[in-house]
Amino acid sequence: CSAVEALERQSPFVNPTLANIDPVLRGQMAFAVGANITLTGQLLDLAGTMNAVSQLSNGVSPQAYVNQVWVSDAHRAQQADSLYESILNRAPTAQETAAVTQQLNSGSSTLNVMQTLYTSTEFQQQHSSTQALATALSQGILNTTPGTASSQALLQSMANEPLSQVVSGLLNSSASLTNLIDTTYVDTLRRHATSAEIQTWSTPIQAGTMSIDDLAQRLLASQEFYQLAYNSII
């Protein structure tokens, strides 16, 4: 079988028989397959792999290729699935997936979609008391069960401010961004972010000059991801 066909049978993209392929070609194949698996959960078929290699060989940058896959319907569907499962504990309907896709394609960030779901009637009904809602927001966004003081502060904010404003503040807090940045590193580079990396990215994200989505795309287009994919098929 061809190198690409052999690669297709592996998960995520490991195949020791590719060692004799030209290193540049092997790297391009591994990068394209790895990026697609990470963003869509799907292996590229032969035509898709060769199309990606052709693009990369003809000057398309890794960043441009990642951006291309990022806005694909397959990745948008994966984003919708992940957000609905993590926040509402269910898969989205086809209509909801389409709505998330439209929202993201219109320029909204993942944080915007998260805010929509955390403030939805469905989420509030799942946590019907104010105390239960405060606890669920803290656990879901900050990854911690609030203590007495934190719980009281959050309850006071919820009493004085619209829920959308409270949720936005939580999502953009240092604790939330630390969790989101670390999760992004694990999902893309298969390792935790260092303290320095968290600090580096927290500042521009809080300032609004970049987003978690931008960070994920940068990491997938990085030399570290390229090398990770390359090493995985040797």
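Counting Lys +1, Arg +1, Asp -1, Glu -1, what net charge surrounds A80 among other residues with beta carbon under 15 Å of its beta carbon?
Charge balance near A80 sits at -4.
Taking the mean number of other Cβ atoms within 10 Å as a proxy for protection, how do you rank 188-194, 108-114 from highest to lowest?
Per-residue Cβ counts within 10 Å, averaged per peptide and sorted highest first, yield 108-114, 188-194.
Mind ranking 170-180, 59-69 by how tightly packed they are, going by the mean number of other C-beta atoms within 10 angstrom, highest first?
In decreasing order of mean packing, 170-180, 59-69 become 170-180, 59-69.
Probe radius 1.4 Å, ligands and nucleic acids ignored: give me the carbon and sulfur share of the accessible area of the chain as a rounded percent.
Result for the chain: 51 percent of the exposed heavy-atom area is carbon or sulfur.
Using a probe radius of 1.4 Å on heavy atoms only, what accessible surface per residue do you get for the chain? Whole Å² is fine.
49 Å²
What number, in percent, do you get for the relative contact order of segment 170-225 if the mean sequence gap of Cα pairs under 8 Å and at least 6 apart is divided by its residue count?
36 percent
Counting alpha carbon pairs within less than 8 Å and at least 6 residues apart, what relative contact order, in whole percent, applies to the chain?
Relative CO of the chain lands at 25 percent.
For segment 121-137 and segment 164-234, write down the distance between their C-alpha centroids in whole Å.
Computed from Cα coordinates, the inter-centre distance equals 28 Å.
Can you give the net charge of the other residues whose Cβ lies under 14 Å from the Cβ of Q126, counting K and R as +1 and D and E as -1?
-1
For the chain, what are the DSSP H helices with axial Cα length of 20 Å or more and mean Kyte-Doolittle hydropathy of at least 0.0?
Membrane-span-like by this criterion, though nothing is claimed about a membrane: 23-40, 174-189.
Would you please calculate the Kirkwood hydrodynamic radius of segment 128-189 over all C-alpha pairs and express it in Å, rounded to one decimal?
It is 12.2 Å.
Using 0.36 nm times the number of residues separating T209 and S222, minus their current alpha carbon distance, what extension gain do you get?
Roughly 2.7 nm would be gained on extension.
Ordered by packing density, taken as the mean number of other Cβ atoms within 10 Å over each peptide's residues, highest first, how do 74-84, 222-232, 23-33 rank?
23-33, 74-84, 222-232
Positive end of the charge dipole of the chain (Lys, Arg +1 and Asp, Glu -1 on Cβ, about the Cα centre): tell me which of Q227, G140, S211 has its Cα farthest that way.
After comparing all options, I get Q227.
The values are calculated or read from the model by the stated rules, or taken from the named source; none is laboratory data. What you are looking at is a predicted structure, and each value in this text was computed from that prediction instead of being measured. As a convention, Cβ positions derive from the backbone with ideal geometry for all residues, glycine included, and neighbour counts pool all protein chains shown. Note: accessible area is taken over every heavy atom of the protein model, side chains too, but ligands, DNA and RNA are not part of it. Shrake-Rupley method; radii C 1.70, N 1.55, O 1.52, S 1.80 Å.
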